[in-house]
Amino acid sequence: VHESDVVGRVDDKEGIVSILLSNHTADEDSIKAIGIVGVPGVGKTTLAQLVYNDNRVGEHFDLRVW
């Protein structure tokens, strides 16, 4: 998915990226996961793809799994 094709998800994406990149835990080996829930068709998968493909997320984590 290309970010330029998505409308109205910038704030949601930035919020999730901010949570993932924050250092709320001192445990470097902890697993971070965020659930995205909602009714069918609201763009949950698209939002997850936007976060996953964000360069800041890719640079922050050594391993990412889709």
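Quick notes on this one:
- Subset of segment 38-62 [exposed (fewer than 10 other Cβ atoms within 10 Å of the Cβ) and assigned to a loop (DSSP other than H, G, I, E, B)]: GLY38, VAL39, PRO40, GLY41, ASP62
- All positions within segment 1-37 that are modelled with pLDDT of 80 or more, exposed (fewer than 10 other Cβ atoms within 10 Å of the Cβ) and not in a helix (DSSP H, G or I): VAL7, GLY8, SER22, GLY35, VAL37
- For VAL65: the one exception among (1) open to solvent by less than 100 Å² (accessible area, probe 1.4 Å); (2) at pLDDT below 95; (3) assigned to a loop (DSSP other than H, G, I, E, B): (1)
The values are calculated or read from the model by the stated rules, or taken from the named source; none is laboratory data. Computed from a prediction, not measured in an experiment: that's the story for all the values here. Ideal geometry is used to build each Cβ from the backbone, glycine not excepted, and the neighbour counts take in all protein chains shown. What goes into the accessible areas is simple: the full protein's heavy atoms, side chains included, and nothing from ligands, DNA or RNA. Shrake-Rupley method; radii C 1.70, N 1.55, O 1.52, S 1.80 Å.
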